[in-house]
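**Student:** After the C-alpha cells below, expect a handful of questions from me.
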Amino acid sequence: MRGWLVASFLVFLVGCIPVHCGEPYIRYGNSCCLDEDKSGVCDVDEVETIELQRAAPAKEVYLCPDGTLSEDFDCGEVIAPSWVTLIPVKDNIGLIDEAIFNIMVANSAPGRATFEIESGDENWRLLTNPVMYPIRLYVKGGLENSLRLILQPDKSKLERKKSYDVPIYVTNADTKEKITVYAIIYIT
C-alpha cells in the first residue's frame, strides 16, 4: 500500500514539472517541437505555400487558308497558344526518393491536341503512373487536362542539400509549339 502511494506521489510530482525547450525547439503541450524558422508554430504544423508555376504563352500562331501554320505573319485565323501549369506534390526528396508533380495543360485552339512531355535534364528520369512512353497528354479544344509526373534522380550525379531546376518540355505535336516549365526540387 505504501509503495502505491509513493508511486502515485512521484507520478503527480513529475506531471507538475514544467517543460523547458532549448533553441530551436518550442514548447507544445507537455513536450517540445522543432521551430527552425522561429515563427512560434511547430514546423510539422506549418502549411507550405505552393507557388504555381505557369509558363508564359508562346507567340501567336496563325492558321493560314492553305492549312499551314505561321508565326511570322498574319495569314488568317489566330490560334491562341496553350499554357502549362506545374503543381508540386512532393518536391523535397532524398536521393533514393522521387519527386511528384501534377502538370496541367490547356488547349485554347479548336480541336483535340496532343502534347508530348519530356525532361530537359538527363540527370532526372521522367515517368508517369501508369507507365507510358513517350509521355503524351491529349487535350480537347478549349479545355485542359492533367497528368501526374514522377521525376527520379540519377543518384550518381546529384548531391544532397541542393536545389535543382529541372526543365520540363511540353510540345504541341501538331503546331510544334514548345513551352518550358521548371520543376524545382530540393534533395535533403
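The values are calculated or read from the model by the stated rules, or taken from the named source; none is laboratory data. In this text the structure is predicted, and so the values were computed from the model without any measurement. Positions of Cβ are backbone-derived with ideal geometry, glycine not excepted, and every protein chain shown enters the neighbour counts.
**Student:** Condition test on T171, is it more than 19 Å from the chain's Cα centre (by Cα) and at pLDDT 90 or above?
**Tutor:** yes
**Student:** Just to verify a result, which residue in region 129-150, among those that are closer than 15 Å to V105 by Cα and β-branched (V, I, T), is surrounded by the fewest Cβ atoms within 10 Å (Cβ to Cβ)?
**Tutor:** I135
**Student:** Taking F115 as meeting all but one of (1) over 18 Å from the mean Cα position of the chain (by Cα); (2) modelled with pLDDT of 85 or more; (3) surrounded by fewer than 17 Cβ atoms within 10 Å (Cβ to Cβ), write down the number of the exception.
**Tutor:** In the conditions (1) over 18 Å from the mean Cα position of the chain (by Cα); (2) modelled with pLDDT of 85 or more; (3) surrounded by fewer than 17 Cβ atoms within 10 Å (Cβ to Cβ), F115 misses (3) alone.
**Student:** Another one. When you check P153 against the structure, is it surrounded by 12 or more Cβ atoms within 10 Å (Cβ to Cβ), touching a residue at least 60 places away in the same chain (Cβ under 8 Å) and within 17 Å of N123 (Cβ to Cβ), yes or no? Talk me through it step by step, then tell me what you get.
**Tutor:** Working: surrounded by 12 or more Cβ atoms within 10 Å (Cβ to Cβ): yes; touching a residue at least 60 places away in the same chain (Cβ under 8 Å): yes; within 17 Å of N123 (Cβ to Cβ): yes.
In short, yes.
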